[in-house]
Amino acid sequence: MTIPHPLDASSSLFADWDNTLPPPPEMQPEAEVWEDPIPLGQARALPPFPTDALPEWLADMVAAVAEETQTPPDLAGCVALSVLSTAAGGRAQVAVRGRWREPVNTFIAVALPPGNRKSAVFSLMTAPLLAVEKAMVETSAATRAEAETTARLARAAADKAAAKAANAAPDERDALTAEAIALAQAAEAATVPERPQLVADDVTPEGLATLLAEQGGRMAVLSPEGGIFDIIAGRYSGTPNMDVFLKGHAGDVLRVNRQGRDRQYIEAPALTMGLAVQPSVFTDIAKVKGFEGRGLLARFLYCLPASLVGYRNLTPDLIPEAVAEAYTRQVAALTLALAGWTDPAVLTLTPEADAAMLAHQQDTEPKLRKGGALAHIDTWASKLDGAVARLAGLLHLAAHPTDGWTRPIHADTIRSAGRLGHYFTAHALAVFDAMGSDPAHTGARTVLDWLRANPADRISRRELFNKLPRGEFPTVADLEPALTLLEEHGWIRQEPPPPRTSRGGRPPAPRYTLHPAITHPGP
């Protein structure tokens, strides 16, 4: 028997998408001819990661890491985008049109089963960031030490002046008090720079908010695990806490209250999220109250690559030194070039780029309408154009890491970002289908599972309704979308209604003939 390759477009990461194939022709009734039904959840093929949409130095590293680790290029590609987001997030924004501005930080989640060397890929791709972070800490050590000494001396002088004023004679007290107040104000103004940090991992929402305040409004959570979702869901607090994540993606004002410290306001927080999770995490987080309603899931770009486990080359080519050195050099250059910025660099579009962006919007908008291809994930898809603008900004800065803010974004960059947008859209559709975002698909799977467990050649809508769980189908009308979808996919056929009699009365319930794949499943 031929074993299909894991990259076969019909393969799926979700076991419940694997449907029984129709029986061979000799087992099908001769009276009826049925075409193969369309499996629910498998009608779309997931595209491969468009590595060639990246600048050459980045594409070379993604391909080389995927080869050495024998992992899908999607994983390294998505981590590469997260690395760019960490380097530039909070330091640049794309001026799309009018007052529309998009920051260049992204949320990306990749789903792969255990054993796919996620940690190895993260280590290789994030190493330059951590090296830059270490260098920034070392470079700022002398400045921080000086500031700490100055602040300590200022506090000591203020305390001494206050004590002197308190013990002064009445005729000297006013002058000494004024001096003590001035010294206290100087001590209060003496700030000590925080230790530079670019990346966090296992951090609570409260801790993350503090890090954002300390690091000038930018921080990245990069992890080959999905534990951060448990933390957001309330692992430590018992209740979901997602404000810092929602505002950190959108750039909305974030207020931080820290014990023993003054309240702080972060005007435009820029949080990057780059995660690799197990596929089951997506279905688990969909059940967490508030995740979907608050829009957290709509902020992620999703990736569902096919696992290569079982098909890996055991003697792969190693990453060429020149490729690794170029990657390290360019990531470091971009990170350091933007590290000192306080006001974000504004990236503009050429007229041709603006036209390309408008074309992408015109392609997206009709799909959001009722009945459109993206209507059932409109919360996610309504952010797609913004995501494309963010990706375009990252690609532009990656192509010009030392002076990208002095150049406008060109149309080719917008089109490359659009290709990434189409890639993430296809994968998002698969993820949200698996999470049950489309009630019709969810209901159709429930009905199909019941029909398989209770095979019959024919069944009426009323009979089916009486057998199905009332919690999922409270009324017969709630069953209709599922039956329509099953009929569209070729699993059932509605029979012609019987001739009406002269007695009148209520018409009989519709009856359906079932596909032989249900009534006579193969081995």
Has region 192-201 got at least one residue that is surrounded by fewer than 20 Cβ atoms within 10 Å (Cβ to Cβ) and either assigned by TED's automatic domain parsing to the domain that holds Leu84 or more than 20 Å from Gly340 (Cα to Cα) (or both)?
-> yes
Every residue from region 308-362 that is among the aromatic types (Phe, Trp, Tyr) and out of contact with any His (no Cβ under 7 Å at 6 or more places or on another chain) | Tyr327, Trp341
Matching residues, region 365-402, being among the charged types (D, E, K, R) and either assigned to a helix (DSSP H, G or I) or surrounded by fewer than 16 Cβ atoms within 10 Å (Cβ to Cβ) (or both) | Glu365, Lys367, Arg369, Lys370, Asp378, Asp385, Arg390
Answer yes or no as to whether Val323 is surrounded by fewer than 16 Cβ atoms within 10 Å (Cβ to Cβ), modelled with pLDDT of 85 or more and either of a type in the set (A, V, I, L, M) or more than 14 Å from the chain's Cα centre (by Cα) (or both).
-> no
Taking interchain pairs and intrachain pairs at least six residues apart, which have beta carbon atoms under 7 angstrom, with the first residue in region 203-218 and of a type in the set (Val, Ile, Thr) and the second crowded, with 22+ Cβ neighbours inside 10 Å and not in a helix (DSSP H, G or I)?
-> Val203/Val221
What single numbered condition from (1) modelled with pLDDT under 95; (2) surrounded by 17 or more Cβ atoms within 10 Å (Cβ to Cβ) fails to hold for Thr413?
-> (1)
Restricting attention to region 102-135, and to residues there that are in contact (Cβ under 8 Å) with a residue 60 or more places away in the chain and of a type in the set (D, E, K, R), which single residue is surrounded by the most Cβ atoms within 10 Å (Cβ to Cβ)?
-> Lys118
Which listed residue is farther than 20 Å from Leu84 by Cβ, modelled with pLDDT under 90, out of contact with any Pro (no Cβ under 8 Å at 6 or more places or on another chain) and not small (Gly, Ala, Ser), from Thr149, Thr143 = Thr149
Filter result for Asp230 (loosely packed, with under 13 Cβ neighbours inside 10 Å and closer than 27 Å to Cys78 by Cα) | no
Only one residue in Gly436, Gly471 is over 31 Å from the mean Cα position of the chain (by Cα), part of a loop (DSSP other than H, G, I, E, B), at pLDDT below 90 and closer than 30 Å to Phe282 by Cβ, so which one is that?
-> Gly471
Close pairs from region 418-429: first under 13 Å from Ala373 (Cα atoms), partner in a helix (DSSP H, G or I) and of a type in the set (Gly, Ala, Ser), Cβ under 8 Å, at least 6 apart = Thr425/Ala381; Ala428/Ala381
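Results for (1) aliphatic (A, V, I, L, M); (2) assigned by TED's automatic domain parsing to the domain that holds Ser82; (3) buried (at least 18 other Cβ atoms within 10 Å of the Cβ); (4) at pLDDT below 90, shown as yes or no for each residue.
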| position | (1), (2), (3), (4) |
| --- | --- |
| Asn241 | no, yes, yes, yes |
| Leu246 | yes, yes, no, no |
| His249 | no, yes, yes, no |
| Val256 | yes, yes, yes, yes |
| Asp262 | no, yes, no, yes |
| Tyr265 | no, yes, no, yes |
| Ala270 | yes, yes, yes, no |
| Gly274 | no, yes, yes, no |
| Asp284 | no, yes, no, yes |
Restricting attention to region 136-151, which residues are farther than 21 Å from Asp201 by Cβ, in contact (Cβ under 8 Å) with a residue 40 or more places away in the chain and either loosely packed, with under 15 Cβ neighbours inside 10 Å or touching a Leu at 6+ places or on another chain (Cβ under 9 Å) (or both)?
-> Thr143, Glu148
Can you name the residue in region 416-427 that is under 17 Å from Leu58 (Cβ atoms) and more than 14 Å from the chain's Cα centre (by Cα) and, of all such residues, is surrounded by the most Cβ atoms within 10 Å (Cβ to Cβ)?
-> Ala417
Residue by residue through region 182-233, note down the ones that are more than 25 Å from Ala141 (Cα to Cα), among the small types (Gly, Ala, Ser) and more than 17 Å from the chain's Cα centre (by Cα).
-> Ala182, Ala184
Is at least one residue of region 215-233 within 20 Å of Gln264 (Cβ to Cβ) and either of a type in the set (D, E, K, R) or in a helix (DSSP H, G or I) (or both)?
-> yes
If Ala169 passes every condition in (1) exposed (fewer than 15 other Cβ atoms within 10 Å of the Cβ); (2) closer than 28 Å to Val132 by Cα but one, which one does it miss?
-> (2)
Check Leu368 against each of (1) more than 22 Å from Leu334 (Cα to Cα); (2) at pLDDT 95 or above and name the one condition it does not meet.
-> (2)
Check on Thr149, part of a helix (DSSP H, G or I), outside the structural domain of Val104 (by TED's automatic domain parsing), among the hydroxyl-bearing types (Ser, Thr, Tyr) and over 22 Å from Phe107 (Cα atoms) | yes
Out of (1) in contact with a Phe, Trp or Tyr (Cβ under 8 Å, 6 or more places away or on another chain); (2) under 23 Å from Glu35 (Cα atoms); (3) among the charged types (D, E, K, R), the one Arg445 does not meet is (1)
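The values are calculated or read from the model by the stated rules, or taken from the named source; none is laboratory data. Remember, it's a predicted structure, so these values are computed and weren't measured experimentally. Because the Cβ atoms are built from the backbone with ideal geometry, glycine has one as well, and the counts that use them run over all protein chains shown.
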